[in-house]
Structures are given as C-alpha cells and as structure tokens.
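Novice: My questions all concern the structure below.
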Amino acid sequence: MQRGVNINNMFSFLKRKYNFFKPSQVRISIEEQLINLGRVGITMNGKIKIRDILDFKIRDYEERPYIHLLMSMGRMRNNVKISSNPYLTNDVWCFDRECIEDHGDYVQIVKRIADMVEPTINVTEIRDYVDIESEEVWIAFSANGLNYRYSLSVQDDWLSLEIFMIFSELLAANGSNKRFFYADTGNELLVVLINRDQFTPLNKLINIFSSTSRV
C-alpha cells in the first residue's frame with residue numbers, strides 16, 4: 001500500500017511565533033502540573049523522582065507552567081532509566097526536528113513512534129530511503145500485519161510532520177481514540193499522544209498544540 005501525503009496548508013501555522021517561555025502571571029507547582037497533565041492522559045513511566053529530570057531551576061517550571069515540564073518529560077534520558085527504554089513516557093516526545101540527513105534516520109523516528117503506539121499497533125520491518133538532494137524520501141513498514149509505504153516531503157534536514165498524521169490515521173483505523181498533537185517550540189518539536197477528546201482540555205492548560213489528524 002503506497003500513499004503520498006500533501007498537507008502543506010495544515011502546517012502553515014509553523015510560520016507563527018509562539019512566545020512559549022514568557023512567565024505566566026500565576027505560578028503553578030510542578031506537583032500540580034503533573035496532576036493536571038495526568039488528567040489529560042500524560043503520565044511518566046515507573047517511579048521517577050521528577051527533580052531527577054529537571055533541566056532548569058524549579059522556579060522556571062513554576063513560572064512557565066507545562067511547557068518546560070512537558071519538554072523535560074519527553075526528552076531522551078540515558079542517565080535516568082527504569083528499563084531499557086531511555087524515555088520516561090510514551091505520552092510525550094521532545095526532540096530536535098533537524099534530524100534527517102541520510103538513510104536510516106527515519107527508521108529511528110519510526111522506531112520511537114512504534115514504542116508510543118504499542119500495543120494498539122505493532123510496527124515491524126521498518127525501512128526508509130532518504131536522498132535530500134534528489135528530494136526523494138519514503139518510509140515503509142508493517143503495521144499489524146499490513147504493509148505500508150509512504151512518500152514524505154523534503155525540507156532540507158527537517159523531519160516531515162506528515163509522519164505523525166500517518167500514524168494518527170493508522171491509530172484511527174485500528175479503533176484507537178489516541179492521536180498525535182504537536183507544537184514547534186522553535187528549537188525542538190514537542191509531540192504528545194493522547195485521546196482526541198483530551199485535546200481541548202490540554203490546550204486549556206497550554207494552548208500551543210495543533211492536531212495532526214483529519215479523523
């Protein structure tokens with residue numbers, strides 16, 4: 001099964017500038033932020049001490065609620081492990097979007113997405129082709145026993161956001177209410193995977209996320 005995705009208009013919002021890191025008028029404790037994120041389905045795996053994963057001073061997290069915390073929760077943590085998985089949650093992912101240069105780069109991206117969408121979708125046999133100069137990029141994989149191949153847009157070494165639409169639609173096709181939502185913070189891409197009916201409550205906490213799904 002081969003599909004191409006053209007969603008340039010959908011991602012035109014990336015041209016806008018969000019003032020993510022402006023201090024809010026109300027400070028919110030990290031503990032309260034974790035409780036509120038848990039209510040929309042964003043939690044951490046295992047028994048992690050939140051202060052072990054903080055990248056800034058506690059005051060920064062309280063004055064700029066949710067954005068710093070979500071980014072810290074979603075980054076790869078090789079030094080803080082509760083299992084062989086270097087990520088503390090499969091509900092959030094934060095990474096440098098300028099990460100596509102050669103063959104194999106999209107394989108690593110799909111492997112991370114595969115961890116996030118388990119057990120609804122079992123993703124195997126992941127392959128890619130990346131030729132930036134000729135503007136040819138595709139990914140291929142098996143999902144729950146069906147084979148898929150998608151062409152992706154090329155934007156220099158920037159990850160194509162189409163990949164999250166692809167997996168949101170696969171989640172819908174497999175009966176899941178979960179969808180990917182994302183925000184471009186300028187330096188990193190912040191992605192969450194939550195039930196679609198929690199999208200509005202999440203944006204009431206921090207109004208930065210956009211949908212990747214038409215379903």
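Novice: Efficiency by 1/(1 + (r/R0)^6): what FRET value for Glu31 and Asn85, r their Cβ-Cβ distance, R0 = 35 Å, to the nearest 0.05? All intermediate terms of the calculation are to be shown ahead of the outcome.
Specialist: On the way: r = 24 Å, r/R0 = 0.69.
In this case the efficiency is close to 0.90.
Novice: Nearest 10 degrees, 0 to 90: what angle lies between the long axis of helix 105-117 and the longest principal axis of the chain (Cα atoms)?
Specialist: 60 degrees
Novice: What do you get for the angle between helix 30-39 and the principal long axis of the chain? Use alpha-carbon atoms, 0 to 90 degrees, nearest ten.
Specialist: Taking Cα atoms only, the helix is inclined about 50 degrees.
Novice: Provide the net charge surrounding Val40, with neighbours chosen by a C-beta distance below 15 Å and charges set as Lys +1, Arg +1, Asp -1, Glu -1.
Specialist: Working: positive: Arg39, Lys178, Arg179, Arg196, Lys204; negative: Glu32, Asp91, Asp197.
Neighbourhood net charge equals +2.
Novice: Quick check: residue separation of Arg127 and Asn187 times 0.36 nm, minus the Cα distance between them. What number comes out in nm?
Specialist: Details: separation 60, 0.36 × 60 = 21.60 nm, distance 2.71 nm.
Contour length minus Cα-Cα distance gives 18.9 nm.
Novice: Quick check for you: which residues of region 139-170 have the amide N under 13 Å from the point 7 Å beyond the Cα of Thr120 toward its beta carbon?
Specialist: Answer for region 139-170: 165-170.
Novice: Now, a different point. Would you calculate, for the chain, the mean residue ellipticity at 222 nm contributed by helices, counting each DSSP H stretch of 4 or more residues as -39,500 (n - 2.57) and dividing by all residues, to the nearest 500? Provide the component values of the computation, followed by the final result.
Specialist: Numbers: 6 runs with 56 residues, N = 215.
Helix-only estimate at 222 nm: -7500 deg cm²/dmol.
Novice: Which ³J(HN,Hα) values, rounded to whole Hz and listed in residue order, are derived for region 128-139 from phi using the Karplus coefficients 6.51, -1.76 and 1.60 in 6.51 cos²θ - 1.76 cosθ + 1.60 with θ = phi - 60°, glycine and proline given as x?
Specialist: Result, rounded to whole Hz: 8, 9, 10, 9, 5, 5, 8, 6, 10, 9, 8, 10.
Novice: Return a whole-number percent for the relative contact order of the chain, with Cα pairs under 8 Å and 6 or more residues apart as the contact set. Intermediate results must be reported in sequence, preceding the final value.
Specialist: Numbers: 357 pairs, mean separation 45.0, N = 215.
Reported relative contact order: 21 percent.
Novice: Let me ask something else about it. Expressed as an acute angle from 0 to 90° and rounded to the nearest 10, what is the orientation of the C-alpha long axis of helix 162-173 relative to the principal long axis of the chain?
Specialist: 90 degrees
Novice: Among Glu63, Glu169, Glu133, which one shows the highest mean-square fluctuation when the chain is modelled as a Gaussian network with alpha-carbon springs under 10 Å?
Specialist: Residue with maximal mean-square fluctuation among Glu63, Glu169, Glu133: Glu133.
Novice: Next question. What list of ³J(HN,Hα) couplings, whole Hz, do you get for region 41-50 from phi and the Karplus terms 6.51, -1.76, 1.60, once you set θ to phi - 60° and write x for glycine and proline?
Specialist: Once rounded to whole Hz, the list reads x, 10, 9, 9, 6, x, 9, 9, 7, 4.
Novice: Report P(r) for the chain: all Cα-Cα distances, bin width 10 Å, range 0 to the bin holding the largest distance, values in whole percent.
Specialist: P(r) for the chain, in whole percents per bin: 8, 33, 38, 18, 4, 0.
Novice: If you don't mind, another one. Would you mind checking which residues have amide H under 5 Å from Arg97's amide H? H placed 1.01 Å from N; only 5 or more apart, or other chain.
Specialist: It is Leu189, by chain and number.
Novice: If you don't mind, another one. Taking 7 Å along the Cα-to-C-beta vector as the label spot, tell me the Asn195-Asp60 distance in nanometres, rounded to one decimal.
Specialist: Simple spin-label model gives 3.4 nm for this pair.
Novice: Another question about this same structure. With springs only between Cα atoms under 10 Å apart, run a GNM on the chain and tell me which of Asn36, Asn177, Asn187 wobbles the most.
Specialist: Asn187
Novice: For the chain, with all protein chains present and a 1.4 Å probe, just round the carbon and sulfur fraction of the accessible area to a whole percent. Don't skip to the end; give the middle numbers.
Specialist: On the way: 4890 of 11070 Å².
After summing per-atom areas, the C and S share lands at 44 percent.
The values are calculated or read from the model by the stated rules, or taken from the named source; none is laboratory data. Note that the structure is predicted; figures quoted are calculated from it, not measured. Positions of Cβ are backbone-derived with ideal geometry, glycine not excepted, and every protein chain shown enters the neighbour counts. The accessibility values were calculated without ligands, DNA or RNA, using every heavy atom of the protein model including side chains. Shrake-Rupley method; radii C 1.70, N 1.55, O 1.52, S 1.80 Å.
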